[in-house]
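Data first, discussion second: the structure below is written as structure tokens.
Values in this text are rule-based calculations from the coordinates and carry no lab data. What you see is a predicted model, and the numbers here were worked out from it, not measured in a lab. Reconstructed Cβ throughout: ideal geometry from the backbone, glycine too, with neighbour counts over all protein chains shown.
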Amino acid sequence: MFRKMAKDQTILFHSTIFGPIHSRRLGVSLGVNLSPYDGKVCSFDCLYCEAGFNAQGAGKSGLPAREDVARLLDEKLTEMRQNGDKLDVITFSGNGEPTLHPHFAEIIDDTIAIRDKHFPEAKVSVLSNSTQLHRPDVCEALRRVDNNILKLDSALEKSMRLIDRPVAKDFTVEKVVEQLKQFEGQAIIQTMFLRGEHSGEPVDNTVDAEVNALIEAYKAIRPREVMIYSLDRSTPEENLNKVPKEELLAIGEKVKAAGIAVQVN
Ligand code: SF4
């Protein structure tokens, strides 16, 4: 068993390589966790984070070494190939933000080489919260992956701060939208829709003002695609509600009408 319930009913991945799991967004996915396996390290502290709040601490295991990630991935893909298993995608996610790893760029290069050796048809996906886009090494590595999936949960500053709770106080919507433009059609933007409240503050990024601001941001960024989704598992903030599929589809129609490719999950 590679996962166990942490406090608040959220889940930590207790290994560097996990799965494969069937992802509703990505297919048969082998996960790579570049965060500790007994704690969480993230530059956001999202209300909906499946790994729990940052307050749980970073644990004691530390970030995995580049060499260990490569060795473990090579071993796992060798085993899967020998078993005749299917693999659609290798996905960087896990207990925090993968681009915070100091060797993220080198690990991406290792991963592409190991993928090419075992499952050349599989994709490499990175799920990132977009906070490290000021670093050229991170941006160049993200350009090299098949699916560069970058988070934008709200284009309104107050809501982004309420939902994502960035650790760096100088992180702003304005800056990140500007940084997201640099991918020129290669990035996939991922937006989590939710509603509820946190510490007495209402949260709802499905209202017209939110959706309209997001559409303006998507138009400026010109992504390859927008992925919209809602809650799937327990969240550390208990007062959050999943947005029904029909409402997500209606938001998706508005995004499509603005000329942007959209996937509703
Ligand atoms: S960016 Fe991802 S890992 Fe970080 S707090 Fe948000 S959901 Fe959790």
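Specify the residue with the greatest mean-square fluctuation among 132, 190, 182, computed from a Gaussian network of the chain linking alpha-carbon atoms under 10 Å apart.
Looking only at 132, 190, 182, the biggest GNM fluctuation is shown by 182.
Principal axis lengths of the stretch 219-265 from Cα atoms, whole Å, largest first?
35, 21, 14
I need the semi-axes of the equivalent ellipsoid of the stretch 167-239: take the C-alpha gyration tensor, multiply each eigenvalue by 5, square-root it, list largest first in whole angstrom.
Sorted largest first and rounded, they come to 24, 15, 13 Å.
Given contacts defined as C-alpha pairs under 8 Å and at least six residues apart, what's the relative contact order of the chain, whole-number percent?
17
Can you pull out the GluC sites (Glu not before Pro) in the stretch 155-228 that DSSP calls coil and that have at most 15 other Cβ atoms within 10 Å?
Answer in residue order: 184.
When DSSP assigns beta bridges and you keep just the ones with both residues in the stretch 3-264, what percent turn out antiparallel, to the nearest 5?
Of all bridge pairs located within the stretch 3-264, approximately 35 percent are antiparallel.
Kirkwood hydrodynamic radius, computed over distinct alpha-carbon pairs, for the chain: how many Å, to one decimal?
In the chain this quantity evaluates to 18.8 Å.
Do any GluC sites (Glu not before Pro) in the stretch 64-156 lie in a DSSP loop with no more than 10 other beta carbon atoms within 10 Å, and if so, which?
Taking the stretch 64-156 and a limit of 10 other Cβ atoms within 10 Å, the loop GluC sites (Glu not before Pro) found are 121.
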